[in-house]
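Read through the structure below, which is laid out as C-alpha cells, and then see the notes.
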Amino acid sequence: FRSLMHRAPLSVSNASSRLKAPTNFKRPPPIKTDLPAKSTTPGSTPTSGSSSASAKAGVISKAATLRSTSGVVATRTTTATTGLATKKRKADAADLVPSIAKKSPRSTNTTPSGAAVPAAPAVLLEVHQEEEAKLQTLRTELSQKQDRIGDLNRRKQELFAQVTQAELNIEDLIRNKGDLEEREKTSLEMHDMEVDSIQSQKDMLEVQLQSTQLQLSQINEDIQRLEETIRGQDVQMKDLESAKTSLSEDLQLSEQQLRDRVTVIGNQRDLIERNKQRIKYLAEESVRDEEIRKKLHNMIQELKGNIRVFCRVRPRLESEKVDEEALHFAEDDETSITVAGASEMSVDGQREQNREYRFNFDRVFKPNALQHEVFQEISQLVQSALDGYKVCIFAYGQTGSGKTFTMEGGKGSQRSDLNKGMIPRAVDQIFASIARLQQKGWSYAVSANFLEIYNESVRDLLATSSAAADESKCDIKHGMHGDTVITNVTTVTVSSAVEVDPLLVRASQNRAVAETKCNERSSRSHSVFQLKLVGTNSLTQQSISGQLNLIDLAGSERLDRKST
C-alpha cells in the first residue's frame with residue numbers, strides 16, 4: 001500500500017487526463033475501540049458474541065471503507081486497480097461474517113455506516129454450538145485486533161496526511177484538467193480554422209480543376225493541330241532528305257576543293273617562310289647599309305671640312321643708310337663676297353682709287369635667302385649628331401646682324417613655320433630621323449638643357465624663374481674621357497618636337513638683354529642649347545651617344561661703339 005501511495009503522484013501526473021475528482025468524498029469517522037459488555041440473556045439483542053461480531057463487522061467495515069478510500073487515492077491512475085481492491089474487501093467480509101452468524105443466528109448486525117448484514121442461513125445455526133468454544137479464541141483475537149486498531153489509527157493519521165496531499169494533487173490535476181480543456185478547446189478552434197482553410201482550398205482547387213479541364217481541352221486541340229503540322233513536316237522531311245543527298249554531293253566537292261586549298265596554303269606558307277628569311281636578310285642588309293651610310297656620310301662631312309664658316313647677310317632696314325654698291329655678290333659663285341672700301345687719292349693726288357676686299361667662305365647666303373636654305377647646309381651636321389658625333393653650331397656677328405633670328409626664328413608677329421630657326425628645325429629633323437630609325441631597331445633617349453654664359457658666370461635658362469636662374473650656380477667640369485659635365489643644370493627629357501617649344505620660350509624670358517647704341521634690345525650674353533642623344537639598337541646591340549650644341553654668341557662690337 002505504501003508503495004502504491006509513493007507511486008501515486010507519478011501516476012496522477014501521467015493519467016491526469018482520465019481522472020475525475022470524487023464528488024462525494026468524506027473522511028471516515030474515527031474507529032471506536034471500546035466494546036459493550038457481554039449479555040447472558042439468550043434473547044437479548046446485543047450479546048457478547050453479537051457485540052463482538054458487531055464490533056468485528058464495524059472494524060471490518062471501517063477498514064474496508066478506509067481501504068476503499070485509500071484505494072481511490074492510491075490507484076486512481078486506472079479504474080481496474082480500484083475494482084481489484086473492492087473485490088478483496090468483499091472477500092474479507094465474506095470470511096468473517098459466517099463465524100459471527102453462528103454465535104447469534106437471530107441477531108442482526110449493522111456496520112458503522114448503517115448497512116444491514118443479512119441473517120445467517122439455516123445451515124450455520126446447526127453449527128452454532130460448536131462455534132461457542134471458539135468465542136474465547138475470538139476474544140483473544142479481538143484483543144489482538146484492538147492492538148491492530150491502534151496501529152491502524154496511527155496509520156490512519158499517516159493516511160490522512162497522504163489524503164491531504166492527494167487532495168492537493170487532485171486540485172492540481174483539476175487545474176491541469178482545466179488547462180488541458182482550454183488547450184483542447186484552442187486546438188479544436190484551430191482545427192476548425194484548418195478545416196475552413198482546407199475547405200476554401202478545396203473550392204479553389206475545384207476552380208483550378210475546371211480551368212485545367214478547359215486548358216486540357218485547348219491542349220487537345222493544339223495536339224490535333226500539331227499532328228497536322230507533323231504530317232506536313234514529314235513531307236518536308238522527305239524534301240530535306242533529297243536536299244541532304246544533294247548537299248552531301250556538294251560537301252564532297254567542297255572537301256576536294258578544301259584539300260586543294262590546303263595544298264595551296266601549304267605552298268603559301270613555304271613562300272611566307274622564304275619571305276621571312278628574305279626580310280630577315282634585308283633587315284641585316286639594312287643594318288649594314290646604315291653602317292655604310294654613316295661611314296660615307298661622315299666621310300663626306302670630313303671632306304667638306306669638320307670646321308665650316310658660312311656668311312649670311314641680312315636685308316637692309318629702312319632706317320639704315322648703306323651704299324648698295326658696298327657689297328657685291330658673284331652670280332656664279334656662292335662662296336665669296338666682295339666689300340667695297342673707302343675711296344683714296346693717289347700719291348700724286350691726280351686720281352681717286354677705289355679699294356675692294358674679297359672674302360671667301362664655305363657658303364654665302366644673300367639677303368633674300370630663307371631660313372630653310374640656311375638649314376639645308378647644316379642639316380647634314382645634325383644627322384652626324386644622331387650617328388654619335390658631337391656637333392657644335394655657332395652664330396657669330398655684330399649686334400643686330402640676325403644671329404638670334406637665325407638660331408631661334410621669328411618672334412611675335414614674325415613667328416611662323418617659314419621663319420623657324422635652326423634650333424626648332426634641328427629638333428624636328430632629329431625626331432623625324434628617330435622615327436625612321438625605329439624600323440631598323442634603333443631607339444633614342446633625348447634630353448635638353450639651355451644655358452647662358454653672362455659676365456663669366458653660367459646661368460640655367462630653364463629654371464622656373466629669372467630669380468631662380470640667378471641663384472643657381474652652375475660649374476663646368478671636364479671628365480677623364482673628354483666629356484664635359486655642367487652641374488646644377490636643369491635637364492628635361494623630351495620625346496617629341498612639340499615639347500621643345502615651351503623650353504625655348506622659357507629660356508628667352510630668362511635671358512639677359514639690354515638696350516645699346518647698336519641695337520634697341522641687344523643680347524649681352526652667350527646662349528647654349530644642348531641636345532644629348534643616346535641610342536641603342538635592339539638587333540645589333542649597338543649603342544651610340546651624340547650631342548648637338550646650338551650657340552647664339554653675344555654681339556661682337558667694340559665697347560666704344562656698343563657702349564655696354
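Each residue of the range 544-555 is assigned a 3J(HN,Hα), and the resulting list reads 9, 9, x, 8, 10, 10, 10, 10, 10, 7, 6, x Hz, derived from the Karplus form 6.51 cos²θ - 1.76 cosθ + 1.60 (θ = phi - 60°), x at Gly and Pro. Size descriptors for the range 127-171, from the alpha-carbon set: Rg then Dmax equal 18.1, 55 Å. Between Gln201 and Gln380, the simple spin-label model (points 7 angstrom out along Cα→Cβ) gives 10.6 nm. Between Asn488 and Arg225, the simple label model (points 7 Å from Cα in the Cβ direction) yields a spacing of 9.7 nm. Measuring nothing but protein heavy atoms, the accessible surface of the range 382-462 at 1.4 Å probe radius is 51 percent carbon and sulfur.
Between amide H atoms placed 1.01 Å from N, distances below 5 Å from Leu533 occur with Gly546, Gln547, Leu548, all of them 5 or more places distant or on a separate chain. Note on Ile292/Leu370: beta-carbon distance plugged into 1/(1 + (r/R0)^6) with R0 of 41 Å gives a FRET efficiency of 0.80. For the listed peptides 265-272, 529-536, 156-163, a ranking on the average number of other beta carbons within 10 Å per residue, highest first, reads 529-536, 156-163, 265-272. Modelled spin-label separation between Gln157 and Gln509, with each label point placed 7 Å from Cα along the Cα-to-Cβ direction: 12.4 nm. Let me see the P(r) profile for the range 162-242: every Cα-Cα distance counted, bins of 10 Å, each bin given as a percent of all pairs. Reading the bins upward from 0: 15, 15, 14, 12, 11, 10, 8, 7, 5, 3, 1. Proximity of backbone amide H atoms, modeled 1.01 Å from N, is registered between Thr399 and Ser556, Glu557 at under 5 Å, excluding neighbours fewer than 5 places apart on the same chain. In order along the range 193-200, the Karplus-derived 3J(HN,Hα) couplings, from 6.51 cos²θ - 1.76 cosθ + 1.60 at θ = phi - 60°, round to 5, 5, 4, 4, 5, 5, 5, 5 Hz, and Gly and Pro are given as x.
The values are calculated or read from the model by the stated rules, or taken from the named source; none is laboratory data. Bear in mind the structure is a predicted one, so any value in this text is a computation, not a measurement. Neighbour counts run over all protein chains shown; Cβ positions are idealised from the backbone, glycine included. Accessible surface is based on the protein model in full, side chains and every heavy atom, while ligands, DNA and RNA are left aside. Shrake-Rupley method; radii C 1.70, N 1.55, O 1.52, S 1.80 Å.
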